[in-house]
Amino acid sequence: MSIPTEPIGSIPRPRALQEALAEHAVGRLDTAELAKLQEQATAETLATLEQLGCPVLVDGEQSKPSFVTYPVAGLTALHPDGAVIPFADGHTRQLPRLTSGPFRYQVRAETYVRGALRHTDRPLKQAVIAPSALSLLYPGEPIDGYPRDAFLRDLADEAEADIRSCLEAGAHRVQLDFTEGRLSLKLDPSGGVLDDFIALNNEVLGRFGEDERTRLGVHTCPGGDHDSTHSLDVDYAGLLPGLFALKAGNFYVQLASEPDPERVLRIIAEQLRPGIRVFIGVTDPISPRVETPEEVRDRVLLAARHIPADQLGTCDDCGFSPFADDTSTSRDLAFAKIRARVEGTALASEALGR
């Protein structure tokens, strides 16, 4: 019995790249030089993951400004005073606000796929932002001449093209980042916003055939930025039924940082349906302590009591550095946790095979 294991997406950027991003932001480094450093960091990330024995690789999002804003980098029809996301430690992140239409992606994630595949022939996973997250770009007041319904139609078309182009570029798996799912229940406990998010994401996922959906996944977590979260206090019970209603073949569920993981596993078991795989988080990117392979093994064996082994996989709880300026987790720490995940999953596979 072999349990598959995959990373989520982001890996902390090397110090040289962090410094280059800061220099580029103030105009002291040109874009071409920055791109060279980003490609070098991508190649180093892929090589290290391969050395750690990862069966599926990621580029670590070394070239993304953030996991959420990459499609709108360079879009001029934006104002910085958009939706504010509060984190438990008091810091915030603010999204931009769309000011006019039509809405179009400026960057597609396939560019990251093609860039990464220049440096590896291993299976490559690409994370993309869920359309539900980008729906937050539209302001509360209607945009003159561009109603919300028109925006959502454009957004669905753009999100489909983003996913489809990654598959066509050779991505082994495409994962929608859906961190706003749990957050929505904090902002609207009635669940109305979550229902809208699920409907929008399913509008896009429903455009893919069954075979294609086996290569599509959805990731949920309570956010992770500067060693803090935005919705860990929200009960998973409110999210998981909606999450598993999404038309995807794979689900990546933060679990290692949950106070009561077995309770969450029982809820997952109730929602489980044939033909899907659930990747459970077995390492906590926010914690400074590196899990041991034995701890990871035991987390997998606990999950196997509730989820059939042939529908089970492992992952990290979330990305290690979803925003390019987040230096709270070191690159070495991230790779140490990934090593523990890979080795611990192998131990669990051996135990389940006996």
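Just so you know, all these numbers are worked out from the coordinates, no wet-lab data involved. Just so we're clear, the structure is a prediction, and the values are computed from it rather than from any experiment. With ideal geometry, Cβ positions are generated from the backbone for all residues, glycine too; neighbour counts draw on all protein chains shown.
Worth a mention:
- Ranking T5, C318, S257 by Cα position along the charge dipole of the range 5-353, where only Lys, Arg, Asp and Glu carry charges on their C-beta atoms, puts T5 farthest toward the positive end.
- Here each label is just a point 7 Å from Cα along the line to Cβ, and for E294 and V84 those points are 4.8 nm apart.
- Beta bridges per DSSP, both residues in the range 5-353: antiparallel share near 25 percent.
- The range 160-255 shape via C-alpha gyration tensor axes, a/c threshold 1.5: prolate
- Charge sum, other residues only, whose C-beta stays under 11 Å from F251's C-beta, Lys/Arg counted +1 and Asp/Glu -1: +2
- Charge tally for F323 (other residues, Cβ to Cβ under 13 Å; Lys, Arg +1; Asp, Glu -1): -3.
- Alpha-carbon centroid distance for the pair the range 162-221 / the range 1-45, whole angstrom: 25
- Note on D310 and Q271: the extension gain reaches 12.4 nm, defined as 0.36 nm multiplied by sequence separation minus the Cα-Cα distance.
- If a spin label sat at a point 7 angstrom from the Cα of E23 along the line to its beta carbon, the backbone N atoms of the range 309-339 nearer than 18 Å would be those of 325.
- Cα-centred dipole magnitude for the range 5-353, charges only on beta-carbon of K, R (+1) and D, E (-1), debye, nearest 20: 480
- Taking other residues whose beta carbon is less than 14 angstrom from the beta carbon of D196, and scoring Lys, Arg as +1 and Asp, Glu as -1, yields -4.
- Dividing the mean sequence gap of close Cα pairs (under 8 Å, 6+ apart) by how many residues the range 131-286 holds gives a relative contact order of 22 percent.
- Shape call, the range 231-354: gyration tensor on alpha carbons, a/c limit 1.5: oblate
- Remark: relative contact order (the range 1-137) = 26 percent; criterion is Cα-Cα distance under 8 angstrom and separation of 6 or more residues.
- Note on A336/D233: beta-carbon distance plugged into 1/(1 + (r/R0)^6) with R0 of 25 Å gives a FRET efficiency of 0.35.
- In the range 5-353, lysine pairs with alpha-carbon atoms under 28 angstrom apart (chain gap of 8 or more, or interchain): 10
- Nitroxide proxy distance, nm - points 7 Å out along Cα→Cβ at R263 and E33: 5.3
- Relative contact order of the chain, defined on C-alpha pairs under 8 angstrom at six or more residues apart (%): 22
- By average C-beta atoms within 10 angstrom, highest first, the peptides 16-22, 57-63: 57-63, 16-22
- Checking Cβ-Cβ separations below 4.7 Å across the chain identifies C54, C166, C315 as cysteines lacking any candidate disulfide partner.
- Rounded FRET efficiency, nearest 0.05, which uses the C-beta distance separating R104 from D211 and R0 of 41 Å: 0.90
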